[in-house]
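See structure below.
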Amino acid sequence: MRGVPRFVAAVLGGVLLVVAPAVAPLPASAAGSVTLSTNPVPVALGSFEPVTVRWTGQVPNTLVFLIVCRRPSTAPGFEVGSDCASLTQVTPNGTRDGAGTAEVPVFRGPDPSGDLNWGCFAPEDTPPPGIEKVTECFVRLTTDVVLNNDAAVDVPVRVTGRGAPPSRGALGAPTGAPPATVEGVTGPPAPAAPTRPAPMTFVG
């Protein structure tokens, strides 16, 4: 019917019916899945380990924000500035299919920046005075802008000292800096470094 463009017109029982065509749904920002390659994460005390985050179902071609936080985005009063560790943030570009991977540094100890009064700890750790011990942190994924809570997905993550690799040093420390010690933090003793035998002397 010429008078009704973009619509389907039909007459049924003497009544004119106008039916709008089906519209494809818009992509959902918080749909799909978000998974971690390792959990719990073996981490040396006062250090960090990269964990691969995989996601699907995000808004295509939209910037992705990943960061480690002490509580989920749905918690009352949640704020990225005080509940998330800024030095762990990575911002990979979006993809055409809304899926991707990126590495996020998961740390064990107080917030690496030193600006916040909490940290991610293994159950056996004793934090420094005044530092909140969090044994279940979260890897937060959101899109478009870092403050976008509507699209946020939070994946619980734990750290452990069991099977922890050698320390990488403190997150954010200059490359080549010696492994950091975290004042006031205690945990199981690190394995002793191997020693070389003394050189042998031969007397002729």
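Length gained on full extension, Asn149 to Ala173, computed as 0.36 nm times the residue gap minus the Cα-Cα distance: 5.6 nm. If R0 is 30 Å, the Cβ-Cβ spacing of Leu63 and Thr35 corresponds to a FRET efficiency of close to 0.90.
What the phi angles of region 98-104 give under the Karplus curve with 6.51, -1.76 and 1.60, with θ = phi - 60°, is a coupling list of x, 10, x, 9, 7, 9, 10 Hz, glycine and proline written as x. Between Ser82 and Asn117, full extension at 0.36 nm per residue minus the direct alpha carbon distance yields a gain of 11.7 nm. The residues Asp150, Asp125, when put in order of fewest to most other Cβ atoms within 10 Å, stand as Asp150, Asp125.
Bear in mind that the values in this text are calculations on the coordinates, not laboratory data. Please read these numbers as outputs of a predicted model, since none were measured by experiment. No Cβ is skipped: glycine too gets one built from the backbone with ideal geometry, and neighbour counts run over all protein chains shown.
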